Amino acid sequence: MKKYKTAAILVGGKSTRMGKDKKKLVISGKALLQSIIDQLAVLFDEIIIVGCSEDEIVGIHGITGVYPDILDISASLTGIYTALLYSQSDYVYITACDMPNYDLVFIRHMMTLLEENPDKKGCVTRYKEWIEPFNAFYSRDLLPSAEHFLKSGRKSVFHYLSRENIYYIAEKDARAYTPDWSLFCNLNTPGDLTKHLKGVGDVSEAGRNCKNHAERRQKDL
């Protein structure tokens with residue numbers, strides 16, 4: 001099994017704050033989901049969509065599988081668990097369908113950190129006292145404990161990972177790659193989308209938008 005073959009894009013969630021299905025967002029005339037796939041295809045041999053059925057992904061190319069969440073538990077950790085279950089690599093890169101910004105250099109950096117720390121079961125970036133659960137790597141070795149954690153009625157990615165042997169990238173180190181934190185920006189509301197559209201080509205605008213929602217996003221973990 002290849003170590004870093006698979007990238008998974010999580011598309012679950014109700015998109016309540018956005019008011020429309022986030023996996024169908026369009027930016028500059030192109031489906032955001034397709035844009036994410038095209039960027040990640042440079043590094044990953046397999047790109048899977050997690051959290052919906054195939055008939056919900058129409059006109060999207062370059063994916064190798066579409067998988068509904070395997071457990072009927074609404075949580076980001078459920079999507080991560082499902083991605084690990086269906087992946088074809090030791091480590092799975094996890095992102096979300098509402099995250100528009102990527103840096104392949106940073107992703108390669110995470111791979112290097114895992115190579116240098118083979119005992120670690122994932123590579124996740126810290127944000128203040130919290131974490132950024134996406135734009136991160138997780139090992140398939142987490143499958144048994146993630147299943148047990150979810151089936152015990154717990155959902156928090158933050159609290160789950162605190163029990164595991166994870167490599168955490170310090171915020172100050174991550175900012176060498178993303179000074180404005182735009183690599184962790186997600187689009188939660190119509191206002192987020194409007195600001196991002198105005199800031200396409202201007203990462204500082206995307207970063208300001210991201211920072212406004214970082215703490216609120218942690219509440220969903």
In whole angstrom, the spacing between the Cα centers of the stretch 121-161 and the stretch 99-119 equals 16 Å
Might you report the magnitude of the Cβ-based charge dipole of the stretch 91-135 about its Cα centre, with Lys and Arg at +1 and Asp and Glu at -1, to the nearest 20 debye? 60 debye
Just the accessible area for R163, please: 1.4 Å probe, Å², rounded to the nearest 10? 140 Å²
Just the number please: accessible area per residue for the stretch 1-160, 1.4 Å probe, all protein chains included, in Å². 43 Å²
Rank these by accessible area, largest first, 1.4 Å probe: M111, M99. M111, M99
Of the GluC sites (Glu not before Pro) in the stretch 110-158, those whose Cβ has at most 15 other Cβ within 10 Å and which sit in DSSP loop: E129
Starting from the Cα of Q88, step 7 Å along the direction of its Cβ; do the same at W130; then give the gap between the two resulting points in nm. 3.6 nm
Quote the charge dipole size of the stretch 77-161 about the Cα centre in Debye, to the nearest 20; the model charges only the Cβ of Lys and Arg (+1) and of Asp and Glu (-1). 300 debye
Around H109, with a cut-off of 12 angstrom between Cβ atoms, what is the net charge of the other residues, counting Lys and Arg +1 and Asp and Glu -1? -3
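The values are calculated or read from the model by the stated rules, or taken from the named source; none is laboratory data. It should be emphasised that the depicted structure is a prediction, and the values quoted were computed from it without experimental measurement. Note: ideal-geometry Cβ built from the backbone for every residue, glycine included; neighbour counts use all protein chains shown. We work out accessible area using only protein heavy atoms, side chains counted, and drop any ligands, DNA or RNA first. Shrake-Rupley method; radii C 1.70, N 1.55, O 1.52, S 1.80 Å.
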